[in-house]
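A.B. asks: Got a structure here, written out as structure tokens. Questions coming.
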Amino acid sequence: MITGKDIYNVVAGIVPLYVAMFLGYGSVRWWNILTPEQCSGVNRFVSMFAAPFLAFQFIMANNPYEMNLKFLAGDTLQKVLVMVALYIWNLTRFGNLDTSIIIYALFALPNTLVMGIPLLEAMYGKFSTSLMTQIVVLQSVIWNTVLLILLEYRAGKILIQEKFPDNAAAISTVTVDPEVESLGGEMLQADADTGYDGRLRVDVRRSPSISSSNSSTYKSCNNLPSSASSRASSHREINSFHSARETPLRNPSFGGSSSPHIINLQNSLSNGAMLEEDLRRPKRWWWGGSSKNNSRISSIYYTNDIVGSSNVVDVPHQSASSRDEHDELNEIKENSRYSHNGSRKKMENIEKNGENKKKQMPSASVMTKLIIVMVYRKLAWNPNTWASFVGIAWSLIQYRFHLKMPSIIEGSITIVSNTGLGMAMFSLGLFMALQPNIIACGKKWAAISLGVRFLGAPAVIAATSAPIGIRGDLLRVEIIQASLPQGIMPFVFAKEYNLYPDIFSTAVIFGMVVALPVTIVYYVLLGLFN
């Protein structure tokens with residue numbers, strides 16, 4: 001039976017964390033002690049040093065040879081069950097990848113390290129600390145990585161469908177420049193080369209800065225008039241600043257990056273499919289460099305009015321005797337002259353028809369290789385990843401060979417990690433103070449996020465833990481850790497990948513406000529059952 005003293009011990013164990021969070025919130029919102037730039041420095045310290053050292057200290061102290069496999073199985077089954085249900089839902093016409101990622105993150109990634117360890121220790125004693133550390137290990141190594149895989153897949157899918165909506169299935173390889181750390185949150189461009197087998201080799205890199213040399217390059221390489229070259233520079237600038245990293249375009253043209261594509265029109269005339277594909281899209285043509293007898297056309301420049309990408313078609317000089325090709329060029333010219341409103345109407349029809357067609361994607365092997373490369377790069381630069389793997393490696397060594405860490409190293413780790421808990425909560429207060437609204441996503445999604453976090457997650461983990469024989473305090477710890485407030489890592493990823501960060505912001509902020517009373521209610525209710 002839970003007594004008043006038990007509840008007091010829980011409150012006494014968790015309130016100091018709220019004090020640190022309150023000081024961080026007041027430092028920005030009420031007292032104006034810290035500016036947003038200074039808050040960024042504090043958050044940087046927490047993410048690069050305090051939190052990784054804190055995680056390392058807990059993980060290295062955990063004996064990996066005495067892990068509670070039954071407890072971990074209950075937690076793992078909860079995540080797997082949620083992922084299977086979301087996968088099946090995505091196979092239906094109601095399925096949505098974005099919503100699935102949000103629901104997964106709300107279910108699977110609570111604030112275990114900062115809130116879970118001190119809270120559960122105050123409730124059930126020291127034995128829960130080891131259990132929470134084991135959850136932290138799985139969360140850092142497996143479940144955060146799963147979220148990152150889903151986000152990189154989403155970002156890669158958006159990039160490919162944006163740049164190659166009609167040719168994605170023909171992509172054989174995707175090479176990403178070493179400077180690109182992630183497919184989300186960066187302004188990228190994708191260029192494609194066609195091999196002898198007709199397959200596309202895509203090269204992804206950061207969009208270069210716009211310079212005045214672009215227009216001169218167009219003019220010198222393609223014999224464009226000055227008016228056409230200025231339009232080329234303008235369209236490159238528009239395309240660069242609206243590269244769909246924020247809002248993906250519905251029907252971008254092939255090669256929708258800022259780089260122009262040079263196409264030989266003679267080859268295009270012999271390739272009816274390519275020419276027909278070009279003519280299906282609304283374009284504005286710029287004709288220049290004609291000879292005196294009007295029988296020669298030096299170059300044609302056209303811009304795609306809807307998508308904002310630029311393309312250059314290089315047309316060789318034609319002799320006066322080449323009547324057939326000249327007539328064909330004139331026909332192309334006449335067919336391409338229609339009003340801007342007419343082009344918009346045609347594009348709307350294309351979009352309407354395209355919505356009923358399944359989006360093309362590269363083969364599974366191409367996407368798998370792309371995701372593995374990008375997730376590896378992302379994890380390689382994450383200090384929490386290194387802290388987790390180094391902590392696991394050292395714990396395996398020290399408990400296997402009964403070694404003790406040198407005191408000079410242990411003291412250095414301890415003095416930094418001791419700042420981790422307080423600074424993490426202080427940083428969370430800064431985060432809350434910098435948000436314009438506590439409920440930024442609207443009441444509907446706020447209710448969904450809190451319902452999933454505080455009702456759905458505990459209910460599912462109870463359903464997966466009880467059948468495998470988890471009972472007593474072990475089951476109580478399992479349920480309460482599932483009802484912890486939302487971790488801040490999903491918000492960081494959501495903001496970087498532009499996946500509804502307002503939903504995660506609300507889940508973090510409002511979740512922290514109601515976390516203490518909610519967990520105490522669970523603590524009391526679970527204490528009624530022996």
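The values are calculated or read from the model by the stated rules, or taken from the named source; none is laboratory data. The structure presented is a predicted model; accordingly, all values stated were derived computationally and were not measured. Using ideal geometry, Cβ is built from the backbone for each residue, glycine included, and neighbour counts are taken over all protein chains shown. Ligands, DNA and RNA are stripped out before the accessible areas are found, and what is left, the full protein with its side chains, is counted by its heavy atoms. Shrake-Rupley method; radii C 1.70, N 1.55, O 1.52, S 1.80 Å.
A.B. asks: For the range 389-404, name all the residues that are loosely packed, with under 14 Cβ neighbours inside 10 Å and small (G, A, S).
C.D. replies: A393
A.B. asks: Would you pick out the residues in the range 418-439 that are assigned to a loop (DSSP other than H, G, I, E, B) and either without any contact (Cβ under 8 Å) to a residue 40 or more places away in the chain or open to solvent by 60 Å² or more (accessible area, probe 1.4 Å) (or both)? Give the steps one after another, and end with the answer.
C.D. replies: Within the range 418-439, the first condition is being assigned to a loop (DSSP other than H, G, I, E, B), and the residues that meet it are 435-439.
Across the range 418-439, the qualifying residues are P436, N437, I438, I439.
A.B. asks: Modelled with pLDDT of 90 or more, in a helix (DSSP H, G or I) and buried (at least 19 other Cβ atoms within 10 Å of the Cβ): is that true of I503 in this structure?
C.D. replies: Yes, satisfied.
A.B. asks: May I ask you to list the residues in the range 452-484 that are among the polar types (S, T, N, Q) and assigned to a loop (DSSP other than H, G, I, E, B)?
C.D. replies: Hit for the range 452-484 is S483, nothing else.
A.B. asks: Quick check on Q481: is it closer than 29 Å to W31 by Cβ, among the polar types (S, T, N, Q) and either at pLDDT below 90 or open to solvent by less than 60 Å² (accessible area, probe 1.4 Å) (or both)?
C.D. replies: The answer is no for Q481.
A.B. asks: Among the numbered criteria (1) at pLDDT 90 or above; (2) among the charged types (D, E, K, R); (3) under 30 Å from V524 (Cβ atoms), which one does E410 miss?
C.D. replies: (3)
A.B. asks: For residues in the range 180-199 being under 19 Å from K369 (Cβ atoms) and assigned to a loop (DSSP other than H, G, I, E, B), which is nearest to the chain's Cα centre (by Cα)?
C.D. replies: Out of the qualifying residues, it is G184.
A.B. asks: Out of all the residues in the range 436-446, is one or more over 18 Å from N32 (Cα atoms), more than 24 Å from the chain's Cα centre (by Cα) and among the hydrophobic types (A, V, I, L, M, F, W, C)?
C.D. replies: no
A.B. asks: Also, quick follow-up: So which of I142, I135, I158 ends up being part of a helix (DSSP H, G or I), open to solvent by 20 Å² or more (accessible area, probe 1.4 Å) and closer than 30 Å to F58 by Cβ? Step through it out loud before you land on a result.
C.D. replies: Working: I135 fails: open to solvent by 20 Å² or more (accessible area, probe 1.4 Å); I158 fails: closer than 30 Å to F58 by Cβ.
Selected residue: I142, the only one of I142, I135, I158 that is part of a helix (DSSP H, G or I), open to solvent by 20 Å² or more (accessible area, probe 1.4 Å) and closer than 30 Å to F58 by Cβ.
A.B. asks: What number of residues within the range 89-98 satisfy the criterion of being under 25 Å from D502 (Cα atoms) and outside any helix (DSSP H, G or I)?
C.D. replies: 3
A.B. asks: Filtering the range 16-48 down to residues that are among the aromatic types (F, W, Y) and either in contact with a Lys or Arg (Cβ under 7 Å, 6 or more places away or on another chain) or part of a helix (DSSP H, G or I) (or both), which residue is farthest from M512 (Cα to Cα)?
C.D. replies: Step by step, filter the range 16-48, then rank; the result is F45.
A.B. asks: Of the conditions (1) outside any helix (DSSP H, G or I); (2) farther than 25 Å from I149 by Cα; (3) open to solvent by 30 Å² or more (accessible area, probe 1.4 Å), A12 clears all except one; give me its number.
C.D. replies: (1)
A.B. asks: Going by the conditions given, is K444 among the basic types (K, R) and out of contact with any helix residue (DSSP H, G or I) (no Cβ under 8 Å at 6 or more places or on another chain)?
C.D. replies: yes
A.B. asks: Does F49 satisfy being under 25 Å from the mean Cα position of the chain (by Cα) and among the aromatic types (F, W, Y)?
C.D. replies: The answer is yes for F49.
A.B. asks: Within the range 495-502, identify whether any single residue is in contact (Cβ under 8 Å) with a residue 40 or more places away in the chain and within 25 Å of T133 (Cβ to Cβ), and answer yes or no.
C.D. replies: Among the residues of the range 495-502, not one is in contact (Cβ under 8 Å) with a residue 40 or more places away in the chain and within 25 Å of T133 (Cβ to Cβ), which makes the answer no.
A.B. asks: Looking only at the range 58-69, decide whether some residue is touching a Cys at 6+ places or on another chain (Cβ under 9 Å) and either open to solvent by 50 Å² or more (accessible area, probe 1.4 Å) or touching a residue at least 60 places away in the same chain (Cβ under 8 Å) (or both).
C.D. replies: Filtering the range 58-69 down to residues touching a Cys at 6+ places or on another chain (Cβ under 9 Å) leaves none.
No, there is no match, as no residue in the range 58-69 is touching a Cys at 6+ places or on another chain (Cβ under 9 Å) and either open to solvent by 50 Å² or more (accessible area, probe 1.4 Å) or touching a residue at least 60 places away in the same chain (Cβ under 8 Å) (or both).
A.B. asks: Let me ask another. When the range 461-477 is examined, which residues are found to be surrounded by 15 or more Cβ atoms within 10 Å (Cβ to Cβ) and of a type in the set (V, I, T)?
C.D. replies: Within the range 461-477, I461, T464, I470, V477 meet the criteria.
A.B. asks: Based on what the data block shows, is V28 open to solvent by less than 50 Å² (accessible area, probe 1.4 Å), out of contact with any Cys (no Cβ under 6 Å at 6 or more places or on another chain) and modelled with pLDDT of 90 or more?
C.D. replies: Yes: the conditions hold for V28.
A.B. asks: Among the numbered conditions (1) open to solvent by 10 Å² or more (accessible area, probe 1.4 Å); (2) closer than 16 Å to F107 by Cβ; (3) not in a helix (DSSP H, G or I), tell me where W445 comes up short.
C.D. replies: If we test W445 against (1) open to solvent by 10 Å² or more (accessible area, probe 1.4 Å); (2) closer than 16 Å to F107 by Cβ; (3) not in a helix (DSSP H, G or I), just (3) comes out false.
A.B. asks: Any idea which of L86, L54, L77 is part of a helix (DSSP H, G or I) and either modelled with pLDDT under 90 or under 23 Å from the mean Cα position of the chain (by Cα) (or both)?
C.D. replies: Checking each option against the conditions leaves just L86.
A.B. asks: In the range 17-42, what count of residues is obtained for those that are over 19 Å from T419 (Cα atoms) and in contact with a Leu (Cβ under 6 Å, 6 or more places away or on another chain)?
C.D. replies: 1
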